[in-house]
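The values are calculated or read from the model by the stated rules, or taken from the named source; none is laboratory data. Model, not experiment: these values are computed from the prediction. Cβ sites come from the backbone with ideal geometry, for glycine too, and all protein chains shown count toward neighbours.
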Amino acid sequence: MISTPAISATLLPKIRKDIGIQALSKSIPIARIARENQTSRKFVYELKAIAVQALDESFLSDKADDAVLFYLPITKTWLFQLILVLVLICHSSYRGVIELLRDLFDWSISLGTVRNRLQVAAAKAEEMIVRQQSVG
């Protein structure tokens with residue numbers, strides 16, 4: 001005996017979606033939707049439940065967005081690295097660095113401190129370059 005798969009098992013995703021939408025709209029009785037698509041009412045109710053769940057998930061606030069991704073220990077060394085990154089990678093102005101540190105970290109820093117931190121980093125970079133050139 002050759003068994004054929006149920007029609008509901010062979011339905012394309014778009015057709016399944018359309019059946020779920022029809023069931024949600026309540027404009028056509030479930031029995032008629034099932035009959036027209038050659039499926040069971042149980043299958044139509046399952047698709048309706050999937051459609052309801054998809055709608056609920058799309059309209060409810062996503063708690064995962066508020067979940068803590070990681071904890072970051074902020075030290076002065078880390079902040080000084082941030083200053084360097086903001087200026088060199090983000091092309092931020094010195095005053096932009098000051099504003100970011102004030103607004104996000106509630107940390108006041110002067111224009112001179114930003115400049116001095118960049119000068120220290122430049123001096124360290126220069127030392128490293130000289131060492132590499134003397135070795136190679």
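Looking at region 60-108, which of its residues are modelled with pLDDT under 90 and β-branched (Val, Ile, Thr)?
Answer for region 60-108, where residues must be modelled with pLDDT under 90 and β-branched (Val, Ile, Thr): just Val68.
Taking the condition of being assigned to a helix (DSSP H, G or I) and in contact with a helix residue (DSSP H, G or I) (Cβ under 6 Å, 6 or more places away or on another chain), how many residues in region 17-28 meet it? Steps first, please.
From region 17-28, those assigned to a helix (DSSP H, G or I) are 17-25; that's our starting set.
Within this subset, residues satisfying the condition of being in contact with a helix residue (DSSP H, G or I) (Cβ under 6 Å, 6 or more places away or on another chain) are 19-20, 22-24.
Going through region 17-28 one residue at a time, the tally reaches 5.
Tell me the helices (runs of 4 or more DSSP H) entirely within region 39-136 that contain at least 1 residues that are hydrophobic (A, V, I, L, M, F, W, C) and within 30 Å of Ala6 (Cβ to Cβ).
Ranges flagged: 41-59.
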